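Here's the structure we're looking at; comments come further down.
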Amino acid sequence: MILESINLLNFRSHRKKTFNFSPAVTIILGRNTSGKTNLIEAINYLASGRGFRAGRESEAINYKEELARIKGIVEDSSGEARSLEIMITRGHVLEIKTPVKKYFVNDVARRGIDFVGNFRTVLFWPQNMELVTGSPSLRRRYLDDVLSQADREYHRNLLSYERGLRQRNKLLEAISENRAHRHQLLFWNQLLIKQGNYLTEYRENYLEYANNFRLPKEFEPEIKFRLYYDKSLISESRLTQYSEVELAAHATLVGPHRDDFIFKKQETEDRDLAFFGSRGEQRLAVLWLKLVEYSFLKENSNSTPVLLLDDIFSELDHEHREIIFHIIGKQQTIMTITDKHLVPEMYFREAKVIEL
């Protein structure tokens, strides 16, 4: 799949701009705060349907405006072009600003579930390093972003699970305050078990794929990594086991919303990379995981994902940059840099360069 162009209206620092991309390599060159990451985020929106930064989605709208729009033209492997568009408005509900997001494919309104999966990306940016040392919620969000692109059914189950989880938590609070009866939990228990088991199985398959993944021999590192799935299974027996604690907490305490995975370094005994890995080893582990993601999406969809590299070369040493350069050119690549000396001259000769 190829991204031909993207049109931005009031998206973060881009008031009204159109960018055209090479089907091979496009280099976005500019100083910090020039809007490079904003452009990469907009492209990634077309794949995941949401931003990758923390904070409220309304922050993606230029502060002077009420509406932001991202519209991209993509071409699939058959040469057929389609337009993908996301519109974010601030909205007003009871005088509280609530962002509203709308999706369009070929100018026809679509649900988010039907939008995600029309275009696929693999994003590598410096904050990915937090996947090793950050909170479990970052790693769960990573899994959801990757697997929702790969499988629409996963995305559907995820949305249904999240809605059901909110309703069950409200019901737990009502039961604890004698405003509802325990038997009302049965429906939500069954829904969460069904949807949750699907999420668990698909996450487990992906992490198993990662543990069997190998880099090309010329780049195979001396350090071997694996991912340990710290899963929170959901079942009737576990919900019963935690029922009294859940009523006191007004929260569902088991299920994939409590999952985590841990980066480990394979040695005589496995070591948690967050505590026993150097910064260099943690960087290499994230690089390895992003290559896993690229390979997985390529194998499990009918298209090759677009590679998005946001100012990552300053984070990698020469040896690890070579691993990235090995795959650049095998698919459409859009990268941002602040210093052109971090990228070999040959890429500038062959790439389209956009200066911001």
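The values are calculated or read from the model by the stated rules, or taken from the named source; none is laboratory data. Computed from a predicted model, the values in this text were never measured in an experiment. Heads up, the Cβs are rebuilt from the backbone with ideal geometry, glycines too, and the neighbour counts pull from every protein chain shown.
Any residue at all in segment 161-178 that is among the aromatic types (F, W, Y) and closer than 22 Å to L207 by Cα? Looking for residues that are among the aromatic types (F, W, Y) and closer than 22 Å to L207 by Cα, one finds at least one in segment 161-178, hence yes. Checked against (1) under 22 Å from the mean Cα position of the chain (by Cα); (2) not in a helix (DSSP H, G or I), Q195 passes all but condition (2).
Picking from L308, L289, L356, which residue would you name as being of a type outside the set (V, I, T), in contact with a Gly (Cβ under 8 Å, 6 or more places away or on another chain) and either over 30 Å from K231 (Cα atoms) or modelled with pLDDT of 85 or more (or both)? Please lay out each step first, then the result.
Values: L308 fails: in contact with a Gly (Cβ under 8 Å, 6 or more places away or on another chain); L289 fails: in contact with a Gly (Cβ under 8 Å, 6 or more places away or on another chain).
Step by step, each of L308, L289, L356 is checked, and only L356 is of a type outside the set (V, I, T), in contact with a Gly (Cβ under 8 Å, 6 or more places away or on another chain) and either over 30 Å from K231 (Cα atoms) or modelled with pLDDT of 85 or more (or both).
Name the residues in segment 323-349 that are of a type in the set (S, T, N, Q) and closer than 15 Å to F21 by Cα, would you?
Listed by number, the residues that qualify are Q331, Q332, T333, T336.
Per-residue answers, yes or no, for (1) part of a helix (DSSP H, G or I); (2) crowded, with 21+ Cβ neighbours inside 10 Å; (3) over 23 Å from the mean Cα position of the chain (by Cα):
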site	(1), (2), (3)
S5	no, no, no
K17	no, no, yes
T26	no, no, no
R31	no, no, yes
L46	yes, yes, no
G51	no, no, no
S58	yes, no, no
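Only one entry in R156, R140 is closer than 30 Å to I2 by Cβ and outside the structural domain of Q331 (by TED's automatic domain parsing), namely R156.
Could we say that R258 is assigned by TED's automatic domain parsing to the domain that holds Y202 and closer than 14 Å to L185 by Cβ here? When the stated conditions are applied, R258 does not pass them. Taking the numbered list (1) more than 30 Å from A81 (Cβ to Cβ); (2) under 19 Å from the mean Cα position of the chain (by Cα); (3) acidic (D, E) in turn, D310 passes all entries but (1).
Please count how many residues of segment 114-148 are touching a Pro at 6+ places or on another chain (Cβ under 9 Å) and of a type in the set (K, R). Count: 2. Summed over segment 143-158, residues that are surrounded by fewer than 17 Cβ atoms within 10 Å (Cβ to Cβ) and of a type outside the set (K, R) total 1. Any idea which residue in segment 114-145 is farthest from I73 (Cα to Cα), counting only those that are aliphatic (A, V, I, L, M) and out of contact with any Leu (no Cβ under 7 Å at 6 or more places or on another chain)? It comes out as M129.
A quick yes/no check of all residues on (1) of a type outside the set (D, E, K, R); (2) within 18 Å of the chain's Cα centre (by Cα); (3) assigned to a helix (DSSP H, G or I):
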{"site": "G117", "(1), (2), (3)": "yes, yes, no"}
{"site": "V146", "(1), (2), (3)": "yes, yes, yes"}
{"site": "E153", "(1), (2), (3)": "no, yes, yes"}
{"site": "R156", "(1), (2), (3)": "no, yes, yes"}
{"site": "E173", "(1), (2), (3)": "no, no, yes"}
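Taking the criterion of being over 20 Å from R214 (Cβ atoms) and either aliphatic (A, V, I, L, M) or in contact with a helix residue (DSSP H, G or I) (Cβ under 8 Å, 6 or more places away or on another chain) (or both), the only residue of segment 263-276 that qualifies is A274. Counting only helices (runs of 4 or more DSSP H) wholly contained in segment 248-356, the ones carrying 3 or more residues that are surrounded by 15 or more Cβ atoms within 10 Å (Cβ to Cβ) and in contact (Cβ under 8 Å) with a residue 24 or more places away in the chain occupy 279-299, 318-327.
Among the residues of segment 122-141, those identified as surrounded by fewer than 20 Cβ atoms within 10 Å (Cβ to Cβ) and closer than 20 Å to Y229 by Cα are M129, E130, L131, T133, G134, S135, P136, S137, L138, R140, R141. When you scan segment 189-200, do you find a residue that is surrounded by 13 or more Cβ atoms within 10 Å (Cβ to Cβ) and among the basic types (K, R), even just one? The answer is yes, given that some residue of segment 189-200 is surrounded by 13 or more Cβ atoms within 10 Å (Cβ to Cβ) and among the basic types (K, R).
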